[in-house]
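Asks: Sending over a structure as structure tokens; questions will come in a sec.
The values are calculated or read from the model by the stated rules, or taken from the named source; none is laboratory data. Remember, it's a predicted structure, so these values are computed and weren't measured experimentally. Because the Cβ atoms are built from the backbone with ideal geometry, glycine has one as well, and the counts that use them run over all protein chains shown. Note: accessible area is taken over every heavy atom of the protein model, side chains too, but ligands, DNA and RNA are not part of it. Shrake-Rupley method; radii C 1.70, N 1.55, O 1.52, S 1.80 Å.
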Amino acid sequence: MNPSENGVLQQRLFYGSVESLANSGAMLAAPLGSAGGPGFGWQDMDVIRIAAAQKVNDRLTLRGGISHASSFIDDDGEVLLNILAPATPRWHASIGYSYRLSERATLTGSYTHAFHETESGANRTPGLGQQTTLFMEQDEISMGISWDF
């Protein structure tokens with residue numbers, strides 16, 4: 001989406017077609033990354049994003065948006081290896097701005113919050129089966145300056 005446009009974007013992420021992401025992590029007999037080796041158990045994911053931008057004047061543009069993603073882990077929780085990549089948040093909200101300092105220089109900044117999300121499940125490795133719970137919440141602040149040549 002062009003940052004100057006307002007709108008809704010729907011996206012599908014095809015995690016299920018990438019073995020290292022889609023394969024179950026329950027069988028640790030093969031090395032990570034090997035053909036048919038264990039993965040994170042991720043499924044395809046749908047994401048919907050709603051965003052808006054408002055040009056306040058010739059120098060300042062404000063932006064904001066929110067996104068929601070479907071779960072990419074089975075309901076019974078493929079969580080064993082996901083402790084390495086606990087990408088559990090499904091809701092994100094962002095705000096940002098661009099401020100033109102001169103004809104060539106622009107200052108930008110943004111803040112994004114990934115809301116707390118928890119995934120639980122049993123370790124599917126034969127003979128183990130302990131319960132595992134993953135959770136994550138993130139905050140990100142970004143600032144930058146660009147120079148047009």
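Asks: What Rg and what Dmax come out for the range 64-116 when only alpha-carbon atoms are used, in angstroms?
Replies: When restricted to the Cα atoms of the range 64-116, Rg and Dmax are 17.2, 55 Å.
Asks: Continuing with this model, one more query. If only Cα atoms are counted, what is the Rg of the range 87-137, and what is its Dmax, in Å?
Replies: Spelled out, the Cα radius of gyration and Dmax of the range 87-137 are 20.2, 66 Å.
Asks: Can you find, among SER67, ALA105, TYR15, the residue farthest towards the positive end of the dipole of the range 4-149? Put +1 on the C-beta of Lys and Arg, -1 on that of Asp and Glu.
Replies: The one lying farthest along the dipole's positive direction is ALA105.
Asks: Taking K and R as +1 and D and E as -1, what net charge do the other residues with C-beta under 12 Å from the C-beta of PHE149 add up to?
Replies: Around PHE149, the surrounding residues sum to -1.
Asks: Please check: in the Gaussian network model of the chain (C-alpha springs, under 10 Å), which one of ARG104, ARG59, ARG12 has the largest mean-square fluctuation.
Replies: Result for the chain, Cα springs under 10 Å: ARG104 fluctuates most.
Asks: Could you give the dipole magnitude of the chain about its Cα centre, charging the beta-carbon of Lys and Arg +1 and that of Asp and Glu -1, in debye to the nearest 20?
Replies: Using only the charged Cβ atoms, the result is roughly 500 debye.
Asks: Sticking with this structure for a sec: Using a Förster distance of 41 angstrom, determine the FRET efficiency expected from the C-beta separation of TYR111 and SER17, and round it to 0.05.
Replies: 0.80
Asks: Right, another one. Would you calculate the separation in nanometres between label points at VAL47 and TYR99, each defined as 7 Å from the Cα along the Cα-to-beta-carbon direction?
Replies: Distance between label points: 2.9 nm.
Asks: Over all pairs of distinct alpha carbons, what does the Kirkwood formula give as the hydrodynamic radius of the range 16-75, in Å?
Replies: By the Kirkwood definition, the hydrodynamic radius is 14.4 Å.
Asks: Go ahead and run the numbers for FRET between SER71 and ASP148, Cβ-Cβ distance against an R0 of 41 Å, rounding to 0.05.
Replies: Step by step, r from the Cβ atoms, then E = 0.45.
Asks: Also, quick follow-up: First compute the accessible area of the range 80-141 with a 1.4 Å probe, then give the percent of it belonging to carbon and sulfur atoms.
Replies: About 59 percent, which is the carbon plus sulfur part of the accessible surface.
Asks: Now a separate question. For the chain, what is the calculated [θ] at 222 nm in deg cm²/dmol (nearest 500), taking -39500 (n - 2.57) for each run of four or more DSSP H residues and dividing by its residue count?
Replies: -500 deg cm²/dmol
Asks: Can you give the accessible area of TRP91, probe radius 1.4 Å, in Å² rounded to 10?
Replies: 120
Asks: Taking N as the number of residues in the chain, what is its alpha-carbon radius of gyration divided by 2.2 N^0.38 Å?
Replies: 1.35
Asks: Anyone know which of ALA30, ALA122, ALA93 comes out most mobile in the 10 Å Cα GNM of the chain?
Replies: In this elastic network of the chain, the residue with the biggest mean-square fluctuation among ALA30, ALA122, ALA93 is ALA30.
Asks: Taking θ = phi - 60°, what integer Hz values does the Karplus form 6.51 cos²θ - 1.76 cosθ + 1.60 yield along the range 55-62, in sequence order, with x for Gly and Pro?
Replies: 7, 6, 7, 5, 9, 10, 10, 10
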